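What follows is a single structure, written as structure tokens, with notes after it.
None of the figures in this text is laboratory data; all of them are computed from the coordinates on show. Everything quoted here is computed from the prediction, not taken from an experiment. Quick reminder, even Gly has a Cβ in these numbers, built from the backbone with ideal geometry, and neighbours come from all protein chains shown.
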Amino acid sequence: EETIRILAIETSCDETSAAVVENGTRILSNVISSQIDLHKKFGGVVPELASRKHMEKMDPVIQEALEQAGTTFRDLDAVAVTYGPGLVGALLVGVSEAKAMAYAMGKPLIGIHHIEGHISANYIEHPDLKPPFLCLVVSGGHTHLVHVKDYGHYGVIGKTRDDAIGEAFDKVARAIGLGYPGGPAIDRIAREGNPDAIRFPRAFMEDGPYDFSFSGVKSAVLNYLNQAKMRGETVVVADVAASFQKAAVEVLVKKTMKAAKNHGFDTIALAGGVAANSWLRESLGAACKEAGIGFHHPSMLFCTDNAAMIGTAAYHAYRQGVRHGLDLNAVPDLKL
Ligand code: KG4
Ligand code: ZN
């Protein structure tokens, strides 16, 4: 079999990442430079600072990815890059870099959709997983139920109408004083709390059975905290975290299982940063087991933003003949 080696670049949000991926599943390197410390003091990602940091880190991160992989530019078959959705200034750093490299080396350029990258993270460790399947994509920017019809072919079955699930985790975490990014902190502290301590609302919309809404549960948590403060009551942070997490995850699991049953899927995959959440993994895994449905999720490292997942997606795109011109631009609201 022919060996396809792809250099992949990801700069859509606050991680500068480069990876060298062989045939979609062999991760020769996956270098991730996180900007968490930079944005922490602001309680969230500051776009302007993110772009500047990407500019600073892009070259060294690529150098390191090539070194770790023991590859030079010459050994590469293509350069792949996330071109949307994301922060436009952040995306532009990666896109410009990839274009310059593809041009200088005379290699094909492949633009990848960020969500396609997250979905493709599942292929890295599950070579048996092949489309079609249902994928729940949960991250800081997205909450999508996606019908993965084939590599590169997707149908959006449902999505959030307001906040993304990760955004809700981050905002709740901030309100209960857990800092940024809040998802992992809630996950951790919730293990010591009672998930049935407080009944937060679950949003099920009649006009969109597979759509999500998380602004309601987020507001309910904020109201709960304000009222407790006004009454001078002490708040048990672990209970709030566990109860919020249970409410949010319950909606995700119910809607995903409903979509799987009604559309006849026999396999469900989980993707995106929030796929690292232990309560979600366990709940969805248990629901799938009960329904006799196959369940896959990437390991932690491949859940949050990384370039390896972009390299995996790009391998399948490469084989399908996807090539982009040097007019490739960053598209902050790119549709799947
Ligand atoms: O995929 P990602 O790295 O970036 C986007 O594409 O948005 O996802 C980041 C999001 C953040 O909101 C973060 O709080 C959340 O994923 N996250 C988690 C966990 N780990 C990361 N949320 C809940 N539980 C976790 N263990
Ligand atoms: Zn992401």
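Between Ala317, Ala291, Ala269, the Gaussian network model of the chain with springs among Cα atoms under 10 angstrom shows the greatest mean-square fluctuation at Ala291. Around the amide H of Ala80, modelled in the peptide plane, lie the amide H atoms of Leu7, Ala8, Ile9, Ile110, all under 5 Å away and 5 or more residues distant in sequence or on another chain. The calculated 222 nm mean residue ellipticity attributable to helices in the chain amounts to -14500 deg cm²/dmol, summing -39500 (n - 2.57) over DSSP H runs of n ≥ 4 and dividing by all residues.
Quick one: which of 255-265, 271-281 comes out on top by average Cβ neighbours within 10 Å, and what's the full order, highest first? Let's see the in-between values first.
Details: 255-265: 17.4, 271-281: 24.2.
Highest mean packing first, the order is 271-281, 255-265.
If you plug the beta carbon distance of Ser219 and Leu129 into 1/(1 + (r/R0)^6) with R0 = 30 Å, you get a FRET efficiency near 0.20. Below 27 Å, Cα to Cα, which lysines can Lys261 reach? Residues fewer than 8 away in the same chain don't count. Once the sequence-local lysines are set aside, what remains near Lys261 is Lys130, Lys149, Lys159, Lys246, Lys289, Lys335. Most tightly packed first, judged by the mean number of other beta-carbon atoms within 10 Å of their residues, the peptides 173-179, 90-96 read 90-96, 173-179.
When exposed loop sites are taken as GluC sites (Glu not before Pro) in a DSSP loop with at most 13 other Cβ atoms within 10 Å, the longest stretch of the chain clear of them is 3-191.
Cross-link reach is defined here as a Cα-Cα straight distance under 20 Å, omitting same-chain residues fewer than 8 places apart; for Lys258 the aspartates and glutamates meeting it are Glu206, Asp207, Asp211, Glu250, Asp266, Glu282, Glu290. What is the Cα centroid distance between the range 85-156 and the range 251-292, reported in whole angstrom? Using only Cα atoms to place each centre, the spacing works out to 21 Å.
So, by mean Cβ neighbours within 10 angstrom, what's the order for 100-107, 217-224 with the highest one leading? Mind showing how you got there, number by number?
Working: 100-107: 14.5, 217-224: 18.0.
Ranked from most to least packed, the peptides come out as 217-224, 100-107.
Using only alpha-carbon positions in the range 117-226, the gyration tensor eigenvalues give semi-axes of 29, 18, 12 Å once each is multiplied by 5 and square-rooted (largest first).
Computed log10 I(q)/I(0) for the chain at 0.09 Å⁻¹: -0.47, from the Debye equation with unit scatterers placed on every C-alpha and solvent omitted.
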